[in-house]
Structure formats: C-alpha cells, structure tokens
Amino acid sequence: MLDWANIDTVLLDMDGTLLDLHFDNYFWLEHLPKRWSEISGISTEEAKAQLKAEYDVLQGKLEWYCLDYWGKRLQLPITELKREVMHKIAMRADVPDFLTALKKSGRSIVLVTNAHPGSLSLKIERTELSNYISELISTHEFGVTKESQALWHKLQARLGFDPKRTLFVDDSLPILHAAKEFGIAHLLAVANPDSQLPVRSITEFPAITDYTVLEDEILLASRLA
C-alpha cells in the first residue's frame, strides 16, 4: 500500500486518525448544543441547528477549531464542558502497536493537529499519545490550518522534512488534498474515524480501517536497518 523504503518522516493527524472521532462528534453535535440550550433558554434542536449553520460557515478555518472563539461566541467554558464528557476520549485500539512499530523503525514521527492547544492538552492528559510521539504540534502555533498551503510551508520550515520522503495520515479528505497540492508524496486516509459510524468509501487516496496491516511493512523497511 505504501512505499516505506522511501518514507523517512511520518506526519500524523490526531482526531479521527489516532483518536476515535466519536468524542469530538459527540461533543460538538450533542453535548455542546445541549449545554448551550440549557443556559440560553432555546430548545436543544434550535441550538443544534444554529451551531451546525455556524460550523458549516467556519469549517476549515482556524475559528472552527478554536476553543477561545467558541467560548466567546457562546459565553461558555468550552474546556470545562469537554471535561464533562472526557471519558469518551480514547485512542483507536490499533494505534499503540502502529506507533510502536513506527518508533522501532527509526522514522521521525510528528503529530500535527488543527486542534486548539487546550484540546490537545486534554487529549494528552486522557491518553498515552505523548508516550509514543515526542513532537506534538497544534497548527494554532502558526495561525493557519492544514487546509492552507501557508501551513505546509511553515511546517516544512519548522521541521525540515523532504515532501518526497514524507507520509501524511489524516481522516479529512480536504486536508489530504491540501497536503497533496503542497507535494507530500505519500498520503493515507483513515476510512473509519468515528467508531460509531459506518466505514466510508474512499477512492481518492489509499485508505485503511486498521493500522495492523501496515506494521510488518513498516518494520521490514526500518530506517535503522
């Protein structure tokens, strides 16, 4: 599926790629509208409709991922509300062995997420991601998201990776297309980001539903060999 002999750097998304997207979908589509309706006095259905309309407008922009933005917009403590359902934060079951294989192979592994630093901190607190990946980057540091070509230029300047020898893994097709436009040679989509939703049919990129199928090839083409 992937030419591991020509991959030195692995850039990994977080939500929906390493972590089950169910937490985020549940929070933004169910929990937040419910809590906002309780405080604002509007119905839950109205809150869902209003928020979805705003999500649609902002999707892909920094504000969509920004807890500070939503806190001011809704006058709610977003991080505290996330903590109310943080028990739903979980790594995908196939991720620990996948990350272990990558570490053993000697490749450079970097997490690159559009998540706000507050969300990233909460998920690091709840999971063992930091045990496997030492470099964790929120695109908020750069002021642009992975959907933007500006981000990829800034990220390359920061990390010094060779796009032709880099693998990028994400569950977002628009983001994968942005990475392809920049010149990332090796791309992989996650077809089942939310464990509670059906597997998606993806044809634009190589796609997986279980990282286990990659582990032998990762180690066979070890960068330490």
- In the range 166-178, residues that are touching a residue at least 40 places away in the same chain (Cβ under 8 Å) and in contact with a helix residue (DSSP H, G or I) (Cβ under 8 Å, 6 or more places away or on another chain) total 2
- Task: Assess whether Glu38 counts as being out of contact with any His (no Cβ under 8 Å at 6 or more places or on another chain) and more than 24 Å from Leu155 (Cβ to Cβ).
- Result: yes
- Query: Do you know which of the residues in the range 37-77 that are assigned to a loop (DSSP other than H, G, I, E, B) and not aliphatic (A, V, I, L, M) is most open to solvent (accessible area, probe 1.4 Å)?
  - Reply: Gln75
- Is there a residue being closer than 14 Å to Ile7 by Cα and either open to solvent by 50 Å² or more (accessible area, probe 1.4 Å) or out of contact with any Ser or Thr (no Cβ under 9 Å at 6 or more places or on another chain) (or both) anywhere in the range 189-199? no
- Note on the structure: Note: among Ser121, Ser148, Ser134, just one is among the hydroxyl-bearing types (Ser, Thr, Tyr) and closer than 27 Å to Glu84 by Cβ, namely Ser121
- Note on the structure: Counted residues in the range 107-165 being open to solvent by 10 Å² or more (accessible area, probe 1.4 Å), of a type in the set (Val, Ile, Thr) and without any contact (Cβ under 8 Å) to a residue 40 or more places away in the chain come to 1
- Note on the structure: Among the residues of the range 48-99, the number that are among the β-branched types (Val, Ile, Thr), in contact with a Phe, Trp or Tyr (Cβ under 8 Å, 6 or more places away or on another chain) and more than 30 Å from Asp216 (Cβ to Cβ) is 2
- Task: Tell me which residues, restricted to the range 90-106, are open to solvent by 10 Å² or more (accessible area, probe 1.4 Å) and either over 18 Å from Leu159 (Cβ atoms) or outside any helix (DSSP H, G or I) (or both).
- Result: Ala90, Met91, Arg92, Ala93, Asp94, Pro96, Asp97, Thr100, Lys104, Gly106
- Item | Inter-residue pairs, beta-carbon under 6 Å, first among the small types (Gly, Ala, Ser) and in the range 40-66, second open to solvent by 40 Å² or more (accessible area, probe 1.4 Å), 6+ apart | Gly60/Glu147
- For the range 78-89, enumerate the residues that are surrounded by 19 or more Cβ atoms within 10 Å (Cβ to Cβ) and either in a helix (DSSP H, G or I) or over 17 Å from the mean Cα position of the chain (by Cα) (or both). Ile78, Leu81, Lys82
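The values are calculated or read from the model by the stated rules, or taken from the named source; none is laboratory data. Everything numeric in this text was worked out from a predicted model, so none of it was measured. All Cβ positions, glycine included, derive from the backbone under ideal geometry; neighbour counts span all protein chains shown. Just so you know, the surface numbers come from the protein's heavy atoms only, side chains and all, with ligands and any DNA or RNA stripped out. Shrake-Rupley method; radii C 1.70, N 1.55, O 1.52, S 1.80 Å.
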